[in-house]
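The values are calculated or read from the model by the stated rules, or taken from the named source; none is laboratory data. Keep in mind that what you see is a predicted model, and the values were worked out from it rather than measured. Backbone-built Cβ (ideal geometry, glycine too); neighbour counts: all protein chains shown. Side chains are part of the model used for accessible areas, which takes the heavy atoms of the whole protein and leaves out ligands, DNA and RNA. Shrake-Rupley method; radii C 1.70, N 1.55, O 1.52, S 1.80 Å.
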Amino acid sequence: MEFEGRDIISIKDFSSEEISYIFKTAKNMEPVAAKGSNMLRGKILATLFFEASTRTRLSFESAMHKLGGSAIGFAEAEIASVKKGENLADTVRVVESYADVIALRHPLEGAARLAAEFSKVPIINGGSGAEEHPTQALLDLYTIKKEKGKIDGLKIALVGDLRYGRTVHSLAYALSLYDIELYLVSPETLKMRREVLQTIKEKIEVTERTSLEKIVPLVDVLYVTRIQKERFPDLAEYAKVKGSYKIDLEALKEAKEDLIILHPLPRVDEIAAEVDNTPYARYFQQVWNGIVVRMALLALILGAVK
Ligand code: NCD
């Protein structure tokens, strides 16, 4: 298995064996994340974020620091030369002289792939428009495996904005590598993208629903997402679906005792605060898992772990 020098653009570029190897590496990173290490001393990560982010950028930077490396970058494209009209290909060809690896978030689909074509250093896709968010899918899957002890055999529901949500696109592709039953719950206008649906339906059993009620008692994992307001071409359309799902204690009345609830965050109003203190809520553990998974990816890509 070869990870050194590799780009991470789409989750589809990874086999289930490779994903297992990343998880094994992430598990070994758990004590390292607590203590720190010098594994990537002298290495530099550049985070180029052309779109809003809290977790993804900070967790990549934190992961790099915990491995003894350092991080540079920008979070506001407004203050970068892009504002002066520089194109992405040029930006990447400049930054490759400053950094050993680049994490990129961009509003355009295909942006990460394009950057990788021009860059000599590996590109990690930190979100490409509504298309994909592969490292989030890896940490989501790692969380499921860690919390449930397995992935095969589970019934998993993805809830919310399945059309514009990039995390659910990557996660659905990743889940289709396992023996699971997938429930897709969304408003009619926000159903799972057709290209994703077609691909995953060839591999796993998929059920699409608009109502959550009958799904809650069936599933082992509820993966809830935010309606992606910023991606709607028309805010009147957003107004119609806003607040479609609300996971509160009442909605969880018939849930399995060992149900876990995940969310890539940020949440708006789709999970009530009263759920946070129940044993179902695992979305803050998920954040910690993001650190160890990203540490594993950086160490593998930069050749510090074979
Ligand atoms: C997600 C994203 O940016 O796609 N956030 C994240 O990276 N954890 C989800 C979202 O914005 O709703």
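Below are the figures for this structure:
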{"item": "Among residues of the range 12-66, those that are within 16 Å of the ligand (Cβ to nearest atom), touching a Lys or Arg at 6+ places or on another chain (Cβ under 9 Å) and β-branched (Val, Ile, Thr), counted", "result": "2"}
{"item": "Residue list for the range 69-80, filter: farther than 20 Å from SER97 by Cα, away from the ligand (no atom under 16 Å from the Cβ) and not in a helix (DSSP H, G or I)", "result": "none"}
{"item": "Residues located in the range 230-255, provided they are of a type outside the set (Gly, Ala, Ser) and open to solvent by less than 100 Å² (accessible area, probe 1.4 Å)", "result": "ARG231, PHE232, ASP234, GLU237, TYR238, VAL241, TYR245, ILE247, ASP248, LEU249, LEU252"}
{"item": "All positions within the range 242-287 that are assigned to a helix (DSSP H, G or I), within 14 Å of the ligand (Cβ to nearest atom) and either free of Cβ contacts under 8 Å to residues at least 60 places away in the same chain or acidic (Asp, Glu) (or both)", "result": "TYR283, PHE284"}
{"item": "Subset of the range 186-227 that is within 16 Å of the ligand (Cβ to nearest atom) and among the aliphatic types (A, V, I, L, M) - its residue that is surrounded by the most Cβ atoms within 10 Å (Cβ to Cβ)", "result": "LEU222"}
{"item": "Pairs, first over 19 Å from LEU182 (Cα atoms) and modelled with pLDDT of 95 or more in the range 216-229, second within 16 Å of the ligand (Cβ to nearest atom) and part of a helix (DSSP H, G or I), C-beta under 8 Å, six or more apart", "result": "ILE227/LEU190; ILE227/TYR238; ILE227/VAL241; LYS229/TYR238"}
{"item": "Any hit, the range 36-51, residues being under 16 Å from the mean Cα position of the chain (by Cα) and surrounded by fewer than 21 Cβ atoms within 10 Å (Cβ to Cβ)", "result": "yes"}
{"item": "Index of the failed condition, ASP140 passing every other in (1) of a type in the set (D, E, K, R); (2) within 26 Å of LEU190 (Cα to Cα); (3) open to solvent by 20 Å² or more (accessible area, probe 1.4 Å); (4) part of a helix (DSSP H, G or I)", "result": "(3)"}
